[in-house]
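Notes to accompany the following structure.
Values quoted throughout were computed directly from the atomic coordinates according to the rules given, and no laboratory measurement underlies them. These figures come from a predicted structure and were not determined experimentally. Reconstructed Cβ throughout: ideal geometry from the backbone, glycine too, with neighbour counts over all protein chains shown.
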Amino acid sequence: MDLIANILYDTIYHSTPVILLVIGGVYAYKANVLNIAMEGMLLFGAFSSALMILSTGSLFYGLLFALIVNIFIGLIFSYFGITRKGNVIIVGIAINLLTSALAAFILKVKGMAIINLSEQVDIASLKVNIPLIKDIPFFGDVLSGHPITTYLTFVLIFVLSVVMFRTKFGTYVRVVGENEEAAKSIGIKVNLIKYSAVIVGSLTAALAGYNLAIERLALYTNTMSAGRGFIAIAAIYCGRGKPKLSSIYAIIFGLAKALAINFKLFAGPISGLFEAIPYLVMVIVLLMASYLDNKNSWKRGYPNE
Amino acid sequence: MKKTISNILNVFMPILLAFLIGAIIMIAIGENPIEVYGILIEKSLLDQKGLLKTIHTASPLILTALAIAISFKANIFNMGVEGQMLLGGFFAGVIGFTFEGLNPVIHITLSIIVGVTVGILFALIPAILKAKFKVNELVVTLMLNYAALEFVRFLAEGPFRDHSSGYVSTPMISESSMFKRLFESEITLFTIIVLIVFVIMYFVFKKTKLGYEIEAIGKNRDFSEATGMNVGKKIIIIFIISGALSGLAGAGHMMSDQMRFTMSFSGNPGLGWDGMLISLLGMHSPLGIIVAAVFYSALITGSESIAVFTSVPREIILIIQSLIILFLSIKMISKNAKAVAILEKITNKILRKDNKGVKK
Amino acid sequence: MNIIETKNITKKFGIFTANDSITLNVKQGDILAIAGENGAGKTTLMNMLYGLSKPTSGTLHVKGQEVSFNSPLDAINLGLGMVHQHFKLVPSLSIYENVLLGIEIKKEFKIKNKSFSLPFIDKKKEIKKVQEVADKYKLELDVTDLIKDISVGSQQRVEILKMLYRNVDVLILDEPTAVLTPQEVDDFILNLKELKAQGKTIIMITHKLREVMELSDCVAVLKRGALVATLKTKETSEKELSRLMVGRDVLLTVSKNHKKVDTEVVYKVTNLETKNELGKKVLSDISFEIKKGEILGVAGVEGNGQSELAKVLCGLMTTSNGNVIYKGENITNMWPINLRKKGISFVPEDRYVDGLCLDMTIADNIIAGNHWNETYFKHKLYQKKIINKERDNLKEKYDIRISDIDGNVSSLSGGNAQKIIIAREFSRNPDALIISQPTRGVDVGSIEFIHSEILKMQEENKAILLISSELSEVMTLSDRIIVMYKGAIIGEVDAANSTKEELGLLMAGIKEEA
């Protein structure tokens, strides 16, 4: 029973940053902009919030700084990928390399290898124990005791889903992605919509970085994003850009990670192999999603993506 | 003419701009960029030892860049070069340290074959997923890179760990599987192999039916399918070649440079990612790749000197590299720009002078 | 009163002049036709009127005032609405959502006398309002239908509704009848006359002279970017207009002698069937045969399965049932390369998607589809000399006009680009040809040439399948015609003894019981 509760708690824990990346990332996806810079945005969100907290000691300033910096990165990505029509995959790779290079450079200049915030941040105090729920056996262990961002994340799934399907902005994002000419012909500012869609993603990536570095570990390292941005892209692909469905794929990743970590304890010598499992699970999920998509297709060939 | 000039400008402007921003960053942290760039160039290109080291460093990068180029040219985004290279290098190393006292020719050949085969096998996963099930290769290869990294980490920490070493590492490969140094420099036979492979790939790109089909597939997939190029089959062939080149790069890097597998085997950001920048810089053309690879390796060898001779962190080079990619993603100058027209005039003048000189 | 005036409007793209100093006046309540060949600059002119692009020089006046449009929104606000040739609709959204795109109605709530708007869209109100306008103009639409589920004719009415909802006074229509059956065209003409009666001004871009004569009050003729004439429709004729458009007398139809065809069947299709992603049949029970030296025409309104039929026959789509037999051999679901090796040639419907690679050289496009041939790739190596020689041969033989022989196909005009495909596919000496939309978007001169080449292939005893939505093309070239409707063959007629009306009824799905 404890093990199951642990696994479920860890699932929520590991899903959170990926869900955040997913629900923001779906906007760019729906606007027909493939944003693989999510990886770099996640890392820089973590880095900039950690850096700010290190010098001010304020969590709020840390988060605010991360949000602002990430808007800036989103603008750079959009300028090169949208305004100047560069290949967005190459722009994305460049941003990913640039963010990690900048973070490493700044740390070196400051004479640090990592940012340790154990003095500024008390992780235990950031965990929210929900009254009533925390006392329910089993469910209390699973649902209570997460940091505030985690709860916010699950609320955001629904909020951003409603924005996508029930508001003007969401409609425009979908129209721009589906038929740019139609959008132009009635005067929708296509680039503005695309920029905004990318920036929604940068903002949630900043939040995800804050969650990852501050709330969870009080620590920043240069490799801590560990491909979560790419996993989010995979989840968005599988979920065809639908916020709720894509979030479910993010949770599948969280579950795979939670299972790997919890069963690692029993795996002995091969426990190291378990680290690879979440990534392989995503490959299998991609395969299944693609198979279902194409199983009824009678067309030959590979569409230009 | 206009097109050539704008192409050249579109490669040089990003480099200049990236170095300029690098200089601004250095000034911001109170360093002298001219001095730093001076050391960078001097130690990597102007000094004989440095130049040979640069060429040695360029060798595996030429292969990973070709691996990227063949897939990007076909508009197939094989981001898995890094992972394919890593596995190829690792298993070439396993052959290297497992056997001892073999005939060097046999041992080296065997290691290379294993490295290449592993690279191909690993590349076949995304290839088959793409060709048979139309799974997006970009996302799959990105995932598989992480899986490959975790896999070799597990092997290096566990079954193949060299327990005499203080950090995570496999044993050193046997003498018989090492490429010997040539001309008392860092250059080895591996560099020669790379040059031979390069010539072959040049022909594949420029002169063969496969090269023609790759170009067509990259430029218009529907057209290629409709005119009977069998795109699915070609995707698998492209991945096989890409995987083979990556595996060879890893094996060569192991046997000519690293000699044992550590977690920093591939460097930062990694040979596969370096290859991507080189391929982009060389506009996915073989000759461009050679030039770009030497330039890029000069940055790497130079960055080591920067770390030794100045107090600027070597990560400045990483920043400059990523800025180059960022700027390369767009056309900075169109072929109708004024600057191009002016340069065309100047070049024409110079060329005409030369021609006259030849006639006389 | 002139509702629109252009004064010396010029539009340049780099060194190319698309519109050269055009001065044009449109009277309120008139129907003005703008006629001209493909590439004459009609669409460029309309795009400037609609704010999609800006003139290089010259001015535009609406209702007497000089205006400068930054976006289509500005044009709409001044009462100018455009219906594009390629509809600008979002398939996954419903009719009302498409109509209200950009002017969505938000939910409101009232506190006392003040009303506040919420960020959410008020669906109920939207549906009601759009349906009212659709009914007022008798457009026969259920506004809650999704665009992807309705017919092309209905989609066009949605585009018109979109503009009417925005209260425009001037409707600009770009090639509006290209996608309609002859009967739908008649209804459409009635619709426009009704709109004119209600005081709307209509500008219609077209290259179909029959419609110009039937519908318009005035006609402006464009040729190579310049306005060559503005005429009262009553005072001109089809012949004069075509001479003005092309600059010389043209044969409006090629003549074909209906010789007696061979009895040997070369190409045979039985019970062919395939489905789309949703599992819906898009081809059902298609059977026909083509004899040696015969042209079998396939007529029908676009979107009735012709594209899918062509795709299946070209090996780009697989079948869920049925067989294709060629010279007695079953070739169903073979890959394109094998079909080509067997001696079948293909002219695809979208030349820039399946037919040509724009960013490759002319020579490289010419060998595509024959690249398995040892002549071009001896020992798998590119034979540059032989390939270039073949290119020069074909250029000569098929009268392809090329400014830069080593340039890319993207530098060619539509007609010359199409001739590359014709040259490539016809010169292979095939025994059967599957030809789709061979003259779409091609200038009149090239149409003549392509038609005569097709007839030449017939003379050489090839079996030819000709799929075209241009009814006159099918009627003049074919021996027999089958008509497709909703993925099936609804009827077959003898080309020599059939009428446009007869075919039009079949295309609309109406089958007269004998």
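Overall, segment C:355-428 carries a charge dipole of about 240 debye about its Cα centre when +1 sits on the Cβ of Lys and Arg and -1 on the Cβ of Asp and Glu, all other atoms neutral. Taking every alpha-carbon pair under 8 Å whose residues sit at least 6 apart, segment C:2-246 reaches a relative contact order of 28 percent. Inter-chain neighbour count for A:81-87: the average number of beta-carbon atoms from partner chains within 10 Å of each residue's beta-carbon is 3. Separation of the alpha carbons by more than 20 angstrom is noted, of B:Lys130/B:Lys219; C:Lys341/C:Lys380; C:Lys138/C:Lys208; C:Lys7/C:Lys54, for C:Lys138/C:Lys208. P(r) tail for segment A:16-226: Cα pairs beyond 22 Å make up 52% of the total. Globularity index of segment C:355-428 is 1.01 (Cα radius of gyration / 2.2 N^0.38 Å, N = number of residues). When the helices of chain B are scored as -39500 (n - 2.57) per DSSP H run of n ≥ 4 and the total is divided over every residue, the value at 222 nm lands at -24500 deg cm²/dmol. If I model a spin label at A:Phe266 and C:Asn77 as a point 7 Å from the Cα along the Cα→Cβ vector, what separation in nanometres do I get? Roughly 6.9 nm, to one decimal. Evaluated at q = 0.09, 0.11, 0.12, 0.16 Å⁻¹, the base-10 log of the normalised Debye intensity for segment B:2-350, with identical point scatterers placed on the Cα atoms, takes the values -0.52, -0.78, -0.92, -1.44.
Bridges between two residues of the protein assembly as shown, per DSSP, are antiparallel at a rate of about 60%. If R0 is taken as 60 Å, the Cβ-Cβ distance between C:Thr144 and B:Leu195 corresponds to a FRET efficiency of 0.35. Between C:Lys193 and C:Lys123, the simple spin-label model (points 7 angstrom out along Cα→Cβ) gives 4.1 nm. Working note: Cα atoms of segment A:1-108, range along each principal axis, descending, whole Å: 55, 36, 23. So how many Lys-Lys pairs in segment A:16-226 land under 18 Å Cα to Cα, not counting same-chain pairs under 8 apart? Number of lysine pairs found: 12. Between A:Lys30, A:Lys295, A:Lys242, the Gaussian network model of chain A with springs among Cα atoms under 10 angstrom shows the greatest mean-square fluctuation at A:Lys295. Can you give me the angle between helix A:168-178 and the longest principal axis of chain A, using Cα atoms only, in degrees from 0 to 90, rounded to the nearest 10? The two axes meet at around 60 degrees. Principal axis analysis of the Cα atoms in segment C:284-439 yields extents of 47, 37, 28 Å, listed in decreasing size.
Assuming charge only on the beta carbon of Lys and Arg (+1) and of Asp and Glu (-1), the dipole of the protein assembly as shown about its Cα centre is about 1860 debye to the nearest 20. In segment B:243-333, the inverse of the mean reciprocal separation of distinct Cα atoms equals 14.4 Å; this is its Kirkwood hydrodynamic radius.
Peptide C:350-362: average number of partner chain Cβ atoms within 10 Å per residue?
4
Counted by neighbouring Cβ atoms within 10 Å, the residues C:Glu175, B:Glu344, A:Glu39 run from fewest to most as B:Glu344, C:Glu175, A:Glu39.
Sorted from longest to shortest, the spans of the Cα atoms of the protein assembly as shown along the three principal axes equal 98, 90, 66 Å. Computed from Cα atoms alone, the Kirkwood hydrodynamic radius reported for segment C:26-85 is 12.5 Å.
Quick one: helix C:384-397 against the long Cα principal axis of chain C, what's the angle to the nearest 10°, folded into 0 to 90? The answer is roughly 70 degrees.
For C:Ile34, the residues whose modelled amide H falls within less than 5 Å of its own, excluding neighbours fewer than 5 places apart on the same chain, are C:Met204, C:Ile205, C:Thr206, C:Ala220. Normalising by residue count, chain C has a Cα convex hull of 186 Å³ per residue. In this structure, the amide hydrogen of C:Ser21, modeled 1.01 Å from its nitrogen in the peptide plane, lies closer than 5 angstrom to those of C:Thr10, C:Lys11, counting only residues at least 5 positions away or on a different chain.
If you take the Cα centroid of segment B:105-126 and the Cα centroid of segment C:157-236, the two points sit 68 Å apart. Taking Cα atoms only, the orientation of helix A:88-109 departs from the longest principal axis of chain A by about 30 degrees.
Note on segment C:390-514: Kirkwood radius taken over Cα pairs, Stokes-Einstein applied at 10 °C and 1.306 mPa s, translational D equal to 98 µm² s⁻¹. If I take every Cα pair under 8 Å that is 6 or more residues apart in segment C:20-72, average their sequence separation and divide by the length, what percent do I get for the relative contact order? Computed value for segment C:20-72: 26 percent relative contact order. From the alpha carbon centroid of segment C:305-348 to that of segment C:119-141 is 45 Å.
Here the contact order of segment C:435-481, divided by its residue count and restricted to Cα pairs under 8 Å and six or more residues apart, works out to 44 percent. Residues of segment C:340-360 with the amide nitrogen closer than 20 Å to a label point 7 Å from the Cα of B:Asn75, along Cα-to-Cβ, please. So the set is C:348-360. When shorter helices are ignored and each DSSP H run of at least 4 residues is given -39500 (n - 2.57), the per-residue value for chain A at 222 nm works out to -23000 deg cm²/dmol. The label-point distance for C:Asn70 and C:Lys106, in a model that sets each label 7 Å from Cα toward Cβ, rounds to 2.1 nm.
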